[in-house]
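Working notes, beginning with the structure itself.
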Amino acid sequence: MALIKRQILALMKTKLFSLIFFLVFIIQLYAEYVNNIQLRNFAKPLIVVVLLVWLYVGTNLKGRFHKRIFTGLIFAWIGDILLIFQNDKMFFFIYGLIAFVVCHIFYIRAFTLDHKSNPNHKTPYFLWVVGAFAIFCSGLFFYLQPKLGPMQFPVLMYAIIVTVMVIMAFNRYGKVNIFSFKLIFYGALFFFAFR
């Protein structure tokens, strides 16, 4: 009976945080659509705050995986804050980029834990995925290169780190339950596609 109560409570918490996340996400989309800068600057960092609270409440940060994801989210929040203030100030953009690189390094380190838990498991199509993402990342970089000027190296490093993060998210296939795999891999793809 106690187990059932805990499961119901966990489900209610998940639904509550999902609703809050959805509302903040809708506000963010609306702010982008109507080009309301103040509302956008409020909602964008709030998305990460909701994720931080949800992760903390849902896991109590037990285990290295949750701690690394939590730390990565903190750096994502810092990156969002810095990019809000960038305007014409290049150093805010650079520091924001660095914060996101650190964020993804923590994600990669978290995903590596799942690989280490079952290193003999071979992820199907892994080399195909590595090749596809490497080609896409290279092509995108060479397309953008003439417009990047002195930002070529930082943008290249950022693109490589994000690509490795997506590949490591894919590499979790078969090493974790399918729901966890889909949640993280689709989130990584979404970030990759829209960042």
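The values are calculated or read from the model by the stated rules, or taken from the named source; none is laboratory data. Model, not experiment: these values are computed from the prediction. All Cβ positions, glycine included, derive from the backbone under ideal geometry; neighbour counts span all protein chains shown. These accessible areas exclude ligands, DNA and RNA; they are computed on the full protein's heavy atoms, side chains included. Shrake-Rupley method; radii C 1.70, N 1.55, O 1.52, S 1.80 Å.
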Cross-chain or 6+ apart pairs with Cβ under 6 Å, the range 72-84 first and farther than 16 Å from L61 by Cβ, then charged (D, E, K, R) | D80/K44
Restricting the range 141-155 to residues that are open to solvent by 50 Å² or more (accessible area, probe 1.4 Å) and of a type outside the set (K, R), which is farthest from H104 (Cα to Cα)?
-> P146
Only one of these conditions is not met by G72: (1) open to solvent by 50 Å² or more (accessible area, probe 1.4 Å); (2) touching a His at 6+ places or on another chain (Cβ under 9 Å). Which number is it?
-> (1)
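Yes/no matrix, rows are residues, columns are (1) farther than 18 Å from F65 by Cα; (2) touching a strand residue (DSSP E or B) at 6+ places or on another chain (Cβ under 6 Å); (3) in contact (Cβ under 8 Å) with a residue 12 or more places away in the chain; (4) aliphatic (A, V, I, L, M):
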{"residue": "S117", "(1), (2), (3), (4)": "no, no, yes, no"}
{"residue": "Y125", "(1), (2), (3), (4)": "yes, no, no, no"}
{"residue": "G131", "(1), (2), (3), (4)": "yes, no, no, no"}
{"residue": "P154", "(1), (2), (3), (4)": "yes, no, yes, no"}
{"residue": "A169", "(1), (2), (3), (4)": "no, no, yes, yes"}
{"residue": "V176", "(1), (2), (3), (4)": "no, no, yes, yes"}
{"residue": "A193", "(1), (2), (3), (4)": "yes, no, no, yes"}
Can you tell me which residue among F42, F22, F17 is surrounded by 14 or more Cβ atoms within 10 Å (Cβ to Cβ) and over 21 Å from F85 (Cα atoms)?
-> F17
